[in-house]
Structure formats: C-alpha cells, structure tokens
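Notes follow the structure.
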Amino acid sequence: MKIISWNVANRFKKQSLQLDALISRKPDVVGLQEVTKETLPLWVNGLNKAGYRYIISSFDIHDKKEIFVGPRRYCIVIASRWPLEPMDQSLLVIPWSERFISVLIHNPIKDFEFHVVHMLYIFHVVHLMVGQK
C-alpha cells in the first residue's frame, strides 16, 4: 500500500503538474492540504479519472461554508481507491477544525483509519508567541 500526503500550496497554475506528479507515483490513498474552492474541482476530476473513486474534502463535511474565506480558505482532500467514510471529526480539537479530516478506509485486506491535518495556523501562532519574547 502506498500513501502520499502533500501540501499543494494553493497552486492554481501548477495544479495539473502536481496532479501528474502525484498520479505517476501510483498511491492508493492521497491526503492533500491547501486545496481551494477554485482548485477542488480540478483535483476531484483529475483524481477520478486516475481511478480514485472515493474522495472527500473538508468543504463536504463542514456545515459552515462561510468559514472558508481569507486565511481559512483552504481545505483538506482525501482520495482513495477503496471506499471511505468520514469518522467523528471531533477527535482532534484545533482552532480551525476544517484543517482536519479523519476517515475510515475499507481496504480489501483490512480497514484502517486515515487522518490528515494542516497545522499551518498553529505554527504561525507559536512563531508569533516566540517572536514576542
């Protein structure tokens, strides 16, 4: 089994290059960070064409769509060749909960949990706190 987690860094112009690079490595499960509303359809379509039939994003599982603006405009995407289902998203309490997705993936051999977290916000807070000393 091969799993790839990648911060795609909000790249719109290079999204197709990123997709090609990702698919060429033939992962079974993919976790992406810093996907935007604009690039999400590109990722979903490309991953579907490459055989990833099961895709979920934090846009899909969070009720408050209005939070995805400004510094909170990014979402997480999980794509799998096997069926997946969202788990309890309250497993990790972080300031921006849309930066965390937990899923249960139904691998033919054994089900497993997969978690993707994008903690950039926390890094900035810690960095600012250290810088103030």
- [ ] Scan the range 2-26 for residues that are in a loop (DSSP other than H, G, I, E, B) and in contact with a Phe, Trp or Tyr (Cβ under 9 Å, 6 or more places away or on another chain) and jot them down.
- [x] VAL8, ASN10
Open item on the list: I need the full set of residues from the range 4-30 which are exposed (fewer than 15 other Cβ atoms within 10 Å of the Cβ), farther than 15 Å from ILE76 by Cα and aliphatic (A, V, I, L, M), in order please.
Closed with: LEU17, ALA21
- [ ] Give GLY51, GLY31, GLY46 a once-over and let me know the one that is part of a loop (DSSP other than H, G, I, E, B) and at pLDDT 85 or above.
- [x] GLY51
Task: Selection count where residues are part of a loop (DSSP other than H, G, I, E, B) and within 11 Å of the chain's Cα centre (by Cα), scope the range 34-43 - done: 1
Task: Residues located in the range 32-48, provided they are of a type in the set (D, E, K, R) and more than 20 Å from HIS115 (Cβ to Cβ) - done: LYS37, GLU38
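The values are calculated or read from the model by the stated rules, or taken from the named source; none is laboratory data. This structure is a prediction, so every number in the text was calculated from the model and none was measured. So basically every Cβ, Gly included, is an ideal-geometry build from the backbone, and we count neighbours across all protein chains shown.
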